[in-house]
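Every number in this text was worked out from the coordinates using simple rules, so none of it is lab data. Worth saying up front: this structure is predicted, and the values here are computed from it rather than measured. As a convention, Cβ positions derive from the backbone with ideal geometry for all residues, glycine included, and neighbour counts pool all protein chains shown.
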Amino acid sequence: MEYNVTYRKKDNGIQVIISYKDKLSKWKQKSKQGFPDTREGTKKAKIAADKMLQELKEKQSLNIVEGSENLTIGELKKDYLNHIKTHREYNTFKNYEQSLNYFSLDDIEVAKLKLADVQKCVNALANKYSLATIQRRTTIFKCMLNFAHRQYNIPVASIVNLTLPSTKSSTDKKALTNEEQIKLLNFYETKGNDYYLVTLLALKCGLRVGEILGLTWRDIDFEKSIIDINKQWKIDKLTEKYNFGDLKSKNSYRIVPIPPKTLNQLKEIKLKLENDKVVDFNLNNSRLIESTSTYSMSSNLGRQLQRKFGICIHELRHTYATNLISNGIDFKTAAKLLGHDIEQTMKTYSHVTDDMMKKATDLISKIF
């Protein structure tokens, strides 16, 4: 780094001026004033100049991107969210935006952020949200700090030693019994097609809510008893409106068999719609469910499931997967039907194989 230091009299005192540049930037200046025009004041000005030089050299050695030295958390949030909006799905962007809003640190400079600052925000979340929610939001904040380090080479605080609240209760998902499934479906059958179809297809075919809302009647092959999962109903990033879109991953594109009873229920619903002439089945985009918002469907149905049955909406699909594995379907096939990879399926449903091993142990004990 090239630099020179000058001192001059200003406003009845002494001002120190450092002019500096590296190989890539133009000459810049940094100054400080208010030192008395005395021998002691001159000495203090020189000490201040040495300190300013040391700080500049440290920043130069870190190669901090020009203009980002004093970047605040608030400015970083905007930059990071623009990055996420460009490269990720709209729902992911909204999730990141919501999570980062819980870290009220916008006025703090990124380089001056301390572990204690982040800990205060986590503590504020402790009594309101589950451990899983806090972990997810904290991970997103960590990702943002890593982004600042990668993009601007800003030194960021290590939050490895962040203390998260201990879990107060088990977060394991529940698999519904046959009796509970019948009770749930009987309840929603009286509420109309939308909620009923979502619960039916999640429980009996393992579909995600976005996949169910993206289904058209042409995706169902009534002769072969299969559903072709080839799209979902989600927000388009460009228009920010709901429409058909790509699935979550390449594994999500799949063919799912329909159980005979479920197939008959779908036939009855279709026949009723044909008789009522409310759906044009000749159109390629005739959806099973005309709900305009995946988010509204998930949140509204989720609240009702929690209130009426004490379960979350994800436990419908979880029940399907648990039934597959506990009845002897191998992990590779189960993963294919769920739209997962094998590793993810084995990790999520390892508890099922533990139960199966216990049953096998009990059976062996009786045999021998």
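Over the chain, dividing the summed -39,500 (n - 2.57) contributions of all DSSP H runs of at least 4 residues by the number of residues returns a 222 nm mean residue ellipticity of -17000 deg cm²/dmol.
For segment 73-152, what relative contact order do you get, as a whole percent, if you take Cα pairs closer than 8 Å and at least 6 residues apart? Please report the intermediate quantities before stating the final value.
Working: 42 pairs, mean separation 31.4, N = 80.
Value for segment 73-152: 39 percent.
Of the residues Tyr129, Tyr102, Tyr320, the one with the fewest other Cβ atoms within 10 Å heads the list, and the complete ranking is Tyr129, Tyr102, Tyr320. Summing charges over neighbours of Tyr90, with a neighbour being any other residue whose Cβ is under 14 Å away from its Cβ, gives +2 when K and R count +1 and D and E count -1. With K and R counted +1 and D and E -1, the other residues having a Cβ less than 10 Å from that of Leu71 yield a net charge of -4.
Placing dummy labels 7 Å off each Cα toward the beta-carbon, the span from Thr6 to Gln29 is 0.7 nm.
Which FRET efficiency, nearest 0.05, do Lys44 and Lys120 yield, Cβ-Cβ r, R0 41 Å?
Working: r = 36 Å, r/R0 = 0.87.
That gives a FRET efficiency of 0.70.
Modelled spin-label separation between Ala132 and Asn161, with each label point placed 7 Å from Cα along the Cα-to-Cβ direction: 3.1 nm.
Here's the list of lysines a cross-link from Lys191 could span, going by alpha-carbon distance under 22 Å and ignoring same-chain residues fewer than 8 apart: Lys183, Lys204, Lys261, Lys267, Lys270, Lys272, Lys277, Lys308.
Which of Arg39, Arg317, Arg287 has the fewest other C-beta atoms within 10 Å, and how do the rest follow up to the most?
So the ranking, lowest neighbour count to highest, is Arg39, Arg287, Arg317.
Under a Gaussian network description of the chain, with springs only between Cα atoms under 10 Å, the residue in Ala111, Ala335, Ala45 that fluctuates furthest is Ala45. For q values of 0.13, 0.16, 0.26 Å⁻¹, compute log₁₀ I(q)/I(0) with the Debye formula on a Cα-only model of segment 73-152, without solvent. Evaluating at q = 0.13, 0.16, 0.26 Å⁻¹ gives log10 I(q)/I(0) of -0.38, -0.58, -1.40.
Between Lys261 and Asp276, what length in nm is gained on full extension when 0.36 nm per residue of separation is reduced by their alpha carbon distance? All intermediate terms of the calculation are to be shown ahead of the outcome.
Values: separation 15, 0.36 × 15 = 5.40 nm, distance 2.29 nm.
That works out to 3.1 nm of additional length.
Measuring nothing but how far apart in sequence close Cα pairs (under 8 Å, 6+ apart) lie, relative to its length, the chain scores a relative contact order of 12 percent.
In this simple spin-label model, placing a label point 7 Å from the Cα along the Cα-to-Cβ direction at both Lys191 and Arg307 gives a separation of 0.9 nm.
Residues Glu315, Glu189, Glu211 in ascending order of nearby Cβ atoms (within 10 Å, fewest first): Glu189, Glu315, Glu211.
Counting Lys and Arg as +1 and Asp and Glu as -1 over every other residue whose Cβ lies under 14 Å from the Cβ of Val278, the net charge comes to -1.
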